[in-house]
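J.: Quick one: the structure is below, and I'll ask about it shortly.
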There are 2 protein chains.
Amino acid sequence: MKYIAHINVMPLKELLDPQGKAVNNSLHNLGLEQVNGVRIGKHITLNIEAGSKDEAQSIADNACKKLLANPVMEQYDISIIEG
Amino acid sequence: MKYIAHINVMPLKELLDPQGKAVNNSLHNLGLEQVNGVRIGKHITLNIEAGSKDEAQSIADNACKKLLANPVMEQYDISIIEG
């Protein structure tokens with residue numbers, strides 16, 4: 001069966017996010033003062049061929065651990081939907 | 001009231017995504033052959049101070065149009081939750 005994994009890889013809350021900070025300042029300069037706490041990470045979608053949703057979840061988790069996320073600086077969350 | 005906007009900015013479906021293609025190949029080399037169609041974009045979270053969910057949505061939309069997304073190459077979706 002086909003599944004689609006939506007993965008968000010974000011900088012850890014404890015760490016500074018210079019890119020987010022820069023965007024935050026730019027938004028203020030553009031007049032959007034109501035915005036703060038901008039954080040920027042990656043959104044990754046994968047098509048996965050798997051026998052079950054649990055298997056797809058474990059493949060996506062494996063992809064994050066092996067390649068997509070750096071656990072020293074980033075956290076990730078995965079959501080799987082049937083494709 | 002405080003809201004949190006989760007914004008995904010992804011390359012348009014019609015366009016090649018070289019970064020996604022490279023990650024796709026790397027995942028295959030790592031033995032994750034069940035994965036394909038990798039696409040990589042940005043995930044952005046904003047804290048927004050607004051009077052209503054609709055107002056927060058419109059501020060986030062404004063931020064995307066003015067700064068966060070390039071409509072020539074990217075599409076975006078926004079989800080707002082109460083923070």
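Just so you know, all these numbers are worked out from the coordinates, no wet-lab data involved. These figures come from a predicted structure and were not determined experimentally. No Cβ is skipped: glycine too gets one built from the backbone with ideal geometry, and neighbour counts run over all protein chains shown.
J.: Of all GluC sites (Glu not before Pro) in the range A:4-76, which ones are in loop regions per DSSP and have a Cβ with at most 14 other Cβ atoms within 10 Å?
T.: Here the sparse-neighbourhood loop sites are A:E14, A:E33.
J.: Oh, and also: Show that you can apply the helix-only estimate: for chain B, add -39,500 (n - 2.57) for every DSSP H stretch of four or more residues, divide by all residues, and state [θ] at 222 nm to the nearest 500.
T.: Calculated from helices alone, the mean residue ellipticity at 222 nm is -8500 deg cm²/dmol.
J.: Evaluate the distance, in nm, between pseudo-label points positioned 7 Å from the Cα of B:K66 and of A:E14 along their respective Cα→Cβ axes.
T.: Reported label-point gap for B:K66 and A:E14 is 3.5 nm.
J.: Something else: Give me the distance in nm between label points sitting 7 Å out from Cα along the Cα-to-Cβ direction at A:S26 and A:K2, one decimal.
T.: Roughly 3.5 nm, to one decimal.
J.: Moving on to the next point. So how tilted is helix A:18-29 from the main axis of chain A? Cα-based, degrees 0 to 90, rounded to 10.
T.: The answer is roughly 50 degrees.
J.: Could you identify which residue out of B:A22, B:A69, B:A60 has the top mean-square fluctuation in a GNM of chain B using Cα springs shorter than 10 Å?
T.: The residue that fluctuates most here is B:A22.
J.: Under the definition of Cα pairs under 8 Å and six or more residues apart, what whole-number percent is the relative contact order of chain A?
T.: 51
J.: Any idea how far the Cα center of the range A:1-66 sits from the one of the range B:14-83, in Å?
T.: 8
J.: Next up: Mind pulling the angle between the C-alpha long axis of helix A:53-63 and the longest principal axis of chain A? Nearest 10 degrees, somewhere in 0 to 90.
T.: 60
J.: In bins 5 Å wide, starting from 0, what share of all Cα pairs of chain A does each bin hold, as a percent?
T.: Bins of 5 Å from zero give 3, 15, 20, 16, 13, 12, 10, 7, 3, 1 percent of pairs.
J.: Based on the alpha-carbon gyration tensor of the protein assembly as shown, what equivalent-ellipsoid semi-axes (square roots of 5 times the eigenvalues) come out, in whole Å, largest first?
T.: 30, 16, 15
J.: Separate question: Scan around A:L12 for amide H atoms under 5 Å from its own, H built in the peptide plane at 1.01 Å from N, and keep only partners 5 or more places away or cross-chain.
T.: For A:L12, the qualifying residues are A:E74, A:Q75.
J.: Which trypsin sites (Lys or Arg not before Pro) in the range A:6-83 sit in a loop by DSSP (not H, G, I, E or B) and have at most 14 other Cβ atoms within 10 Å of their own Cβ?
T.: Qualifying residues, ordered by number: A:K13.
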